[in-house]
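What follows is a single structure, written as structure tokens, with notes after it.
Taken together, the values in this text are just the output of simple stated rules run on the coordinates, not laboratory data. These numbers were taken from a predicted model, which means no experiment stands behind them. As a convention, Cβ positions derive from the backbone with ideal geometry for all residues, glycine included, and neighbour counts pool all protein chains shown.
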Amino acid sequence: MNLIGALMADQNGQAGESGATGASGNDRYDVHPEQPLKQYDSSPALAYAASEKRNPSRQLFALVCDPKQPPRHDMISSTRRINQKGLLRIVDWCVVNWSLEGRRCPVLIYDRPRGNRVIANIGDPIETVSEEAVSRNFIQPVTAALRELYNQGITHRAIRPTNLFYDSVSATQANVMLGECLASPTGINQPAVYETIESAMAPPNGRGPGSIADDLYSFGVTILAMLTGRSPCSEMTDDEVIDAKLAQGSYGALIAGHRLSLTMMEVVRGLLMDDVEERWTLEDLDFWIAGRRLSPKQQAMPAKASRAFSFEDRELLTGRDVARAFEKRWDAAIEPVRGGALDTWLRRSLGDEEAIEAVNSAKAAVSVTGTETDDRLLARIIIALDPEGPVRFKSFSASIDGIGGQIAAGYTDENIRKDFAEALRANLIAFSCEMLGGSASDKMRYIPQYDKMKPFLESTDIGQGIERVVYELNPNLPCQSPLLETEYVYDMSEMLHAYERMAQSNPDGMGALVDRHVAAFVATRMKGGLTAELRDLENRFDPAAVAIANVRILGHVQEQAGAVKVPNLCAVAVKMLEPAVERFHSRQQRDTVKHRLQQISKDGRLADILRLVDNSQYLENDRTSYRNAVREFLRSILEMQQMAFEKSHRTQLSRAIGAEIGAFISLILSLIAVVIMGVFWMVS
């Protein structure tokens, strides 16, 4: 299948790079749906054979991504600059008409690795090699790749044995490279064992991009798997893995009786430190690779209580354990908080002054709304007991940098939507950063971003609401409008092309062009405001105003998209604007406008149509002429009515007029008689 109309990614993930053009068909790659390559699948993306037209011998494969879980296309251009043997190389990306799905889908093009995947399933055994080979063929090339990613401001967030490939057919001699990391949102496919404790606690969609420290932790677990020949804790559930890490620390839980050499123990222990401040950095890895040995680090375990806290048939020994239990049994958790059982346990059994102070701060804090509820109090208590964990409020849970991803995945769920709004109103993000203290410096930047979402959530106007929040927090998310269900609209240019395709398929009209999702998507990405247009979209009394607002919004999209002509969309817009044309009172003017619209719509510029239909001078001249015509018409009607009255009442009018004339003559004669008598009297 040809990548007709492919839009190649530039630095901002936009169209135009790599030599592929738009609908001209001058595309560079073919994707072959009849040739699936399941060995390269990266759930939820599916792999198919691909070829480059200019170089058919080049070994490529394509990942056709799930439009509902969009790729990280804003990172593609930066990742393409990386050419490291420790990272699968991305070649390009585009959006194609994918016949197997009956819609347009994003596609990533990769160089095909020469060897196989290390393992296909997380529970499969891994072919073991010597520690020297692991260091030389895996740790060294992957460290170099991670450094390049870090320099580009990119996290991988998909480091695990099932996402590793050999670069040759011989596993014992081959370098091992990281697989792709762009085909889906960050962290959604990672098993809990390969995530830090804090990240594993969050739902997969709510883990966020994380930092290089998260990648290094995953790298450490993967090194352990390569050394031992199997994935750690593969027989355990995610909750069991988290519990084990909390109880024993990550290193203790994952090593599980395996014996490592002192050299390998050093690197694995350093990368698996649960305290991010103590975890090894890229510089530490470079020192280790160079042969310099670092002082061994011991895992610092959280304080344990002398007596367990009993809650819902569970015996809990740490603050984090209590926080997790409260989250899972939310409705039952407020009783020990309000009843004082938690305070008593903290003082008498745990004896952790920082935890006691944090819980007191949680009780003293009140949201800016001034409205305090048990749910808000409990949410703050959970943060106080586990400040490194995700932000949690009833059904909503996410890392601070993963809130956007979680709400994008769950905004259609009324409970998640409601609980997310409550979490924002309760200022839980700011409180979480306060509890983290100095370690929250990289998360503080999210506070103003989330504060900006509050007025959007409080408004039900079109272009606001939860839809606006979803697009503001997820720049990679394509427009979710049902109007564009079969499209993949990720920017203004693609939106315009999508409407042009739909208009070509529906020349008789398409109904409304802008719904809540389109309005929110455009408002998020528009450089200017859309206040007037969004207000007119909700006008229930003037269909002309609604039609003009629909077309004007897409006109703004066209202006921002650049030189994209849309003659079919213009033809549909002309039909939609018929109520606006009917505002002209002059039949001649209406006919002239309609004729002119048919001509200029062929040029494909919506602004030209609007200049003609919504021209204030034309409309004012038409209104002036109409008012003059109405006055002239009324005058003519009155004259005609007068003539008709006179004709039908001629006899009565004659008598009346005769009486009036007779009276007038009598008056004159009387006056003459009086004058004569006066003169005669004076003469006498």
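Looking at the chain, what % of its DSSP beta bridges pair antiparallel, to the nearest 5?
95 percent
What spacing in nm lies between the two simple spin-label points modelled at Q599 and A364, each 7 Å away from Cα in the Cβ direction?
Computed distance between label sites Q599 and A364 equals 7.6 nm.
Please list the non-local residues whose amide H lies under 5 Å from the amide H of V96, H modeled 1.01 Å from N, same-chain partners needing a gap of 5 or more.
Residues meeting the amide H criterion: C105, V107.
Using the crude model of +1 on Lys and Arg Cβ and -1 on Asp and Glu Cβ, and no other charge, please compute the dipole size for the chain relative to its Cα centre, in debye to 20.
In debye, rounded to 20, the chain gives about 1840.
With a Förster radius of 22 Å, plug the Cβ-Cβ distance of L294 and S441 into 1/(1 + (r/R0)^6) and report the FRET value to the nearest 0.05.
Efficiency at R0 = 22 Å is approximately 0.35.
With unit charges on the beta carbons (Lys and Arg positive, Asp and Glu negative) and the dipole taken about the Cα centre of the chain, which residue among Q480, P302, I668 sits farthest to the positive side?
Among Q480, P302, I668, the one farthest towards the positive end of the dipole of the chain is I668.
Report the label-to-label distance for S349 and D286 in nanometres (one decimal), using points 7 Å from each Cα along the Cα→Cβ vector.
4.8 nm
Can you compute the helix-only [θ] at 222 nm over the chain? Use -39500 (n - 2.57) per DSSP H run of at least 4 residues, normalise by all residues, nearest 500 deg cm²/dmol.
Result for the chain, helices only: -15000 deg cm²/dmol.
Quick one: order H517, H595 by neighbouring beta-carbon count within 10 Å, fewest to most.
Ranked by crowding around the Cβ, least crowded first: H595, H517.
Take C433, C181 and order them by how many other Cβ atoms sit within 10 Å, fewest up front.
Going from least to most buried by this count: C433, C181.
Contour minus end-to-end for I356 and S625, with contour as 0.36 nm per residue of separation and end-to-end as the Cα-Cα distance?
Length gained, I356 through S625: 88.8 nm.
If I take R0 = 56 Å and measure r between the Cβ atoms of K53 and M301 in this structure, what FRET efficiency does the formula 1/(1 + (r/R0)^6) give, to the nearest 0.05?
With a Förster radius of 56 Å, E is 0.45.
State, as an integer percentage, the relative contact order of the stretch 29-111 based on alpha-carbon contacts under 8 Å between residues 6 or more apart.
Normalised by residue count, the contact order of the stretch 29-111 is 25 percent.
For D243 and Q617, compute 0.36 nm times the residue count separating them, minus their Cα-Cα distance, and round to one decimal in nm.
That works out to 127.4 nm of additional length.
With the contact rule set at Cα under 8 Å and sequence spacing of 6 or more, what percent relative contact order holds for the chain?
Relative contact order of the chain: 8 percent.
To the nearest 20 debye, what is the magnitude of the charge dipole of the stretch 286-369 about its Cα centre, counting +1 on the Cβ of each Lys and Arg and -1 on the Cβ of each Asp and Glu?
With only Lys, Arg, Asp and Glu charged at Cβ, the dipole is about 340 debye.
Sort 43-55, 198-210, 250-262 by packing, meaning the average of other beta carbons within 10 Å per residue, with the highest value first.
198-210, 43-55, 250-262
Starting with the fewest neighbours, write out S666, S493, S218 ranked by other beta-carbon atoms found within 10 Å of each beta-carbon.
S666, S493, S218
With each label point set 7 Å from Cα along the Cα-Cβ vector, what nm distance links V169 and T460?
Distance between label points: 6.7 nm.
State the extension gain, in nm to one decimal, for the chain segment bounded by E660 and K38, taking 0.36 nm per residue of separation less the distance between their alpha-carbons.
Result: 212.9 nm gained on full extension.
Given R₀ = 30 Å, FRET efficiency for R590-I637 by Cβ-Cβ distance, to 0.05?
0.80
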